[in-house]
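The values are calculated or read from the model by the stated rules, or taken from the named source; none is laboratory data. Computed from a predicted model, the values in this text were never measured in an experiment. Every residue, glycine among them, receives a Cβ derived from its backbone with ideal geometry; neighbour counts consider all protein chains shown.
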Amino acid sequence: MRALLSWIREFTPIEAAPADIADALNQLGLEVEAIDEPGRDINGVIVARILDVLPHPDADRIRLADVEFGDGELRVVCGAPNIEPGMVVPFARVGAVLPGDFKIERRKIRGIVSEGMLCSARELGLGDDHSGIVALPPNTPLGSDVREALGLDDVVFELAITPDRPDAMGITGIARELAAHFALPFTVEEHEPAPVVDVSGDSRVVVEATDRCPRFVGLVATVTMGESPAWMQRRLTLAGMRPISNVVDVTNYVMLERCRPLHAFDLGRLAGRGIVVRLARDGEKMTTLDDVERTLTPEDLLICDAERSPQAIAGIMGGAAAEVSNATTEILLESAYFEPFGIAKTAKRLGLRSEASARFERGIDPNGAGTGAARAMELFEQVAAAVPAAGAIDVYPQPTERPRITIRTARVNQLLGTALTDSQVADELRPLGVDVVDGVATAPTFRPDLEREIDLVEEVARRVGLSNITRTIPASPEKIGGLTPQQRDRRTASDVLVGAGYDEVFTLPLLAQADLVAHGDLTTGIVEVANPLRAEESILRPSLLPGLVRAAAHNAAHGLPDVALFEQGTVFGAPAEGDTLPREVHALGALRAGSVRRAPYEPDRGVSVHDAAAPLWALIDELRVAAFEIGPATASHVGFRRGCVAALTIDNGTVVGVIGELDTTPAACAFELDLDALCAATRLDRTFAPVSRFPASTIDLAFVVHTDVLAAELQSVLRATAPNLIEEVRLFDVFRSGTLGAHKVSLAFSMRFRAPDRTLTDDEVGRLRKQAIDAAMHAFPGAELRG
Amino acid sequence: MSERREAGMSAAELVARAEAIKAEGLDALQAADGLNALADVERRFLGKASPLNEIREAIKTVDGSERAAVGKAVSAARAALEAAHEERREQLAAAAADAIPREVVDLTLPPRDYTRGHLHPVTRIWRELEDVFVGLGYKVAEGPEVELDWYNFEALNFPPGHPARAMQDTLYVKLGEAEQVLLRTHTSPVQVRVMESQPPPIYIVAPGRVYRRDTLDARHSPVFHQIEGLVVDRGITLGDLLGTIEAFIHALFGHDIQARFLPSFFPFTEPSVEFGMSCVFCRGGGCTVCSKTGWIELGGAGMVDPNVFTAVGIDPEEYTGFAFGFGIDRLVQLLYGVDHVKNIWDGDVRFAHQF
């Protein structure tokens, strides 16, 4: 909404500076997005009268004009065809500045010196008209600043009006707010509505859908079409609307002034000289003013002629058929109240938002339809020589009553933390049109947002001013803040990954079908977006891996192939049986690609899956997960390279994730797990066990086993031989060679023994060594001790 | 020196002798050209068989009244020699250390096995926000990202067809009845879920991901992050809301940054406010970040609408409350100067390494 200060001043005598007014509007909740001062770019242009027009001695198309401007006379060269003696015009003297930082200088045109320039509308930044020099009213004071004469000294406040405030979509509504704020008088001339008749002229109005159109006021008048006067065009232009014709301009003018959208039909082009308001038929078509054919549904409301042909989509846009034109001689003016939700629905479905629909959607004042139409008729008489037919048609079967709302001062103070009295509350509300008598408020019908006590509490808060509310902090002894253990664990997980050299990334949780193909086992049970803006963002990710792979590819494409990335976030799966909402899992994924940097100390080497396992084990260690295992893959993992993928299990073999080498080029290794499930696993307590002060004995054992034997299995067999005396079993060498035999691998372990209460003797260590060897041989038949 | 020539000397002679030994010792210490030589000199002049010890032995032979003078001279000589020895030893030790040839290690080489990752800037601000509110006595609540229309709109006083729904372009999910399952457009549904699941008093914040039907470009993203706050208790006022937001702004940006509140409209709060702060860059003077207004808008807030309380079965006469919400990504953009939203989402490590 573009609100002109000069227009506001017609209703309240506000003298505050524009910056202070903007501040007040903000404090009132009418947010100022910009302040526009249209005359700011014009400087030194004054009002002058043309004394004489002479031909140019050396040119046909340009002439010489002598002008007077109060304290002098000058000669200018002018190419405009419309200049004549006596005309009062804008005169840019030498030194003046026009929009676009165009400085006027003395210059010779075909040998004649021009002492400035006479200006067209376009040169003053007033529009596109460049056909001639602007003609000012003959009585405009000579020598005065042209900005005053043209109304360019105006200030335009560009306001963002919230959806609950239809009243502020009109100049009078804004003026009312400012008058209340600055404690100024506020007056709107009330126009007496014409007396109600059934037939005006020879026209009738039939409203079939009264719930969608609770009120319809129709006025008939003969008009003389033409342009609207300059002052009206100026205001409409500054308000952001294009002047069209005197009749259309008046309807727009009243809409902007009173938040009263109107529509003028060319009565001569309405079949049957009447109006029927009805719902559209399914699939019915009509062409709107913008020359677009619209297909309608029974949810759309139509204004039709007496023969039921659609002439307008109610409250949104008129049709081309009965549009007023230069040939119009008689109009039927519609001033209606349409039910807001219906307008909103149709406007949304058609993608058609107009100045009118923006107002109907918010809910205009049903009781203002008559006075609004009367205001328009007054202007028609002024600018279009209108002669109104007697009386007004007014279909208003159930007039809207002003709502009565109980308001308790104690409740106001309870919510605002104020200490207002009854009379203070009433005094704050009165300038807004809300009358309070004995704790009952009567709200105006131009404020449909005022229905409940709480609505009035908000009004009191606005009137008191938010900056005058004392700022406090709740002091309840019951509030004790903190993160849950799960929330702390999630932070820990990220910190561990960061410590392990992984960069946290965020990838879009919306994927394309193609992203899933690379991860073939993800295509079942996926959750799709019903109305995606792009097909690339149509699937809710079932895994973090596609995003991580894409991020790695992004980096590789920018010359950074060596990355370690991780992400924490929600992944989605089909709803569980009986649920409507999808399964949401808080997942942790990490991916490592390219090389591991070892240089300059050792050569760099390619990433292996064991690199990806490192931060995972660090996390298990930090979380003290009691029984975590990287076991064989339990399901097919299509995105991973066969033979290099394993399931992550906790407790009794519950699978919480997967680790492996991805089936991508270039190679990348990754893991992904259900972080909350991992955190919910059995955890080791952080308790203290005394640390032995006796010396340790270390032995090394190397076994040659079949390659089916997993290192972790052998390790746990060794460890189980003397849990109380074995401090550590560490795999220190893995060796494969033809000399060992086919499918054979040598696994070498270092075992550290230590007793809590004594130094182990050589005999004891020897026995422990033998136990370990025997256990390994027993558990893995065919295993051999390597010499 | 074993001839014990001190025996039978007079007291004056003994004092003179101590002086002489001191002078001789100092010369010898100075003349020692290595730590071994110095050790020899030390043994000679300060060891058990040193001449000063012999003078001490000889004291017994002089008259009792003169013994003190001799003892004093011996002690002074010994102290002087010890000090000189220490000084010389340090000199020689330093010289010896310098003399050892050694390999020079280039410590400007890169660190070995260096690994350090980086948290995403959104995570950093997310945690900072949680910590501020935990400090104010709040717990952190969560809710699903795919929501029912009831939680995202209806229970929050957005009836079907309400124009305020149009303010948030919604992505719907192909589940359940048409347009009943959606990607939450704000973190506010967590409010409803918390109020349904626990009685007041409630002091929570709910950071999380939210979705809008938008294309990823410099200023928009179909996914972004918000943090929601909800307080429900007896006696909560609009003043508490304003004070709490002011406290959070001070905690995050410093006490010289002002909080500003303007009336606004949200279906689920009333009175509703929009809050912002004086520009952290120009301190209110006007710059490009704040579009020359001196103020930066942060988010929306208000007193919980009685309709919302009724929808979740809380008596709005007994309890009052406030709620607030604002964008985390926006704060990240402001605080770190991130000018393009895509940076948040494309996983570029050159971005990550800056935080």
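Assorted remarks:
- One residue from A:Leu450, A:Leu483, A:Leu456, A:Leu497 being over 25 Å from A:Ala668 (Cα atoms), within 7 Å of another protein chain (Cβ to nearest Cβ), at pLDDT 95 or above and in contact with a helix residue (DSSP H, G or I) (Cβ under 8 Å, 6 or more places away or on another chain): A:Leu483
- Unmet criterion (only one of (1) touching a strand residue (DSSP E or B) at 6+ places or on another chain (Cβ under 9 Å); (2) within 7 Å of chain B (Cβ to nearest Cβ)) for A:His554: (1)
- When residues of the range A:237-246 are limited to those that are aliphatic (A, V, I, L, M) and buried (at least 19 other Cβ atoms within 10 Å of the Cβ), the one nearest to A:Asp290 (Cα to Cα): A:Ala239
- Condition check for A:Asp128: at negative phi and of a type in the set (Asp, Glu): yes
- Residues located in the range B:94-120, provided they are part of a loop (DSSP other than H, G, I, E, B), among the aliphatic types (A, V, I, L, M) and in contact (Cβ under 8 Å) with a residue 24 or more places away in the chain: B:Leu119
- Condition broken by A:Lys348, with the remaining ones in (1) assigned to a helix (DSSP H, G or I); (2) buried (at least 23 other Cβ atoms within 10 Å of the Cβ) satisfied: (2)
- The residues of the range B:32-65 that are among the β-branched types (Val, Ile, Thr) and not in a helix (DSSP H, G or I) amount to a single one, B:Val62.
- Residue in the range A:461-472 that is of a type in the set (A, V, I, L, M, F, W, C), within 30 Å of A:Asn367 (Cβ to Cβ) and within 7 Å of chain B (Cβ to nearest Cβ) present: yes
- Taking the range B:274-320 as the range and being charged (D, E, K, R) and either part of a strand (DSSP E or B) or at pLDDT below 85 (or both) as the test, the residues that pass are B:Glu274, B:Arg283, B:Lys292, B:Glu297.
- Residues that are closer than 30 Å to A:Ile469 by Cα and in a helix (DSSP H, G or I) within the range A:361-412 comprise A:Arg362, A:Thr409, A:Ala410, A:Arg411, A:Val412, listed in sequence order.
- Count - residues of the range A:85-115 that are at positive phi and at pLDDT 90 or above: 2
- Unique residue being surrounded by fewer than 20 Cβ atoms within 10 Å (Cβ to Cβ), under 30 Å from A:Gly481 (Cα atoms) and either at the interface with chain A (Cβ under 10 Å from one of its Cβ atoms) or not acidic (Asp, Glu) (or both) when the list is B:Arg102, B:Arg112, B:Arg116, B:Arg127: B:Arg127
- Within the range A:68-91, considering residues that are in contact with a Phe, Trp or Tyr (Cβ under 9 Å, 6 or more places away or on another chain) and within 11 Å of A:Ile133 (Cβ to Cβ), the one surrounded by the most Cβ atoms within 10 Å (Cβ to Cβ): A:Phe91
- Members of the range A:480-497 that are crowded, with 20+ Cβ neighbours inside 10 Å and of a type in the set (A, V, I, L, M): A:Ala493, A:Val496, A:Leu497
- Being away from chain B (no Cβ under 11 Å), in contact with a strand residue (DSSP E or B) (Cβ under 9 Å, 6 or more places away or on another chain) and farther than 30 Å from A:Gly170 by Cβ holds for only one residue in A:Ala426, A:Ala512, and it is A:Ala512.
- Restricting the range A:733-779 to residues that are at pLDDT 95 or above and of a type in the set (Phe, Trp, Tyr), the residue that is surrounded by the most Cβ atoms within 10 Å (Cβ to Cβ): A:Phe749
- The set of residues in the range A:315-329 being in contact (Cβ under 8 Å) with a residue 60 or more places away in the chain and surrounded by 14 or more Cβ atoms within 10 Å (Cβ to Cβ) consists of A:Val324, A:Thr328.
- Considering the range A:396-454, and only residues there that are basic (Lys, Arg) and free of Cβ contacts under 8 Å to residues at least 60 places away in the same chain, the residue that is surrounded by the fewest Cβ atoms within 10 Å (Cβ to Cβ) turns out to be A:Arg404.
- For B:Pro222, the criteria (1) in contact (Cβ under 8 Å) with a residue 24 or more places away in the chain; (2) farther than 19 Å from A:Val571 by Cα hold in every case but one, which is (2).
- Residues of the range A:267-311 satisfying the condition of being touching a residue at least 60 places away in the same chain (Cβ under 8 Å), β-branched (Val, Ile, Thr) and within 25 Å of A:Pro388 (Cα to Cα): A:Ile275, A:Val276, A:Val277
- Among (1) surrounded by 12 or more Cβ atoms within 10 Å (Cβ to Cβ); (2) more than 16 Å from B:Arg89 (Cα to Cα) - the single one B:Ala49 does not satisfy: (1)
- So A:Arg597, is it surrounded by 13 or more Cβ atoms within 10 Å (Cβ to Cβ), over 28 Å from A:Leu684 (Cα atoms) and touching a helix residue (DSSP H, G or I) at 6+ places or on another chain (Cβ under 6 Å): no
- So B:Arg283, is it at the interface with another protein chain (Cβ under 9 Å from one of its Cβ atoms) and either in contact (Cβ under 8 Å) with a residue 12 or more places away in the chain or closer than 15 Å to B:Phe324 by Cβ (or both): no
- Any pair with Cβ under 8 angstrom, 6 or more apart, that starts in the range A:475-503 at a residue that is within 27 Å of B:Arg350 (Cβ to Cβ) and ends at one that is of a type in the set (S, T, N, Q): A:Arg490/A:Gln568; A:Ala493/A:Gln568; A:Ser494/A:Gln568; A:Ser494/B:Thr123; A:Gly499/B:Thr115; A:Ala500/B:Thr115; A:Gly501/B:Thr115
- Residue within the range A:576-583 that is surrounded by fewer than 20 Cβ atoms within 10 Å (Cβ to Cβ) and under 22 Å from A:Leu662 (Cβ atoms) present: no
- Search result, residues across the range A:576-627 that are of a type in the set (D, E, K, R), in contact (Cβ under 8 Å) with a residue 60 or more places away in the chain and in a helix (DSSP H, G or I): A:Glu622
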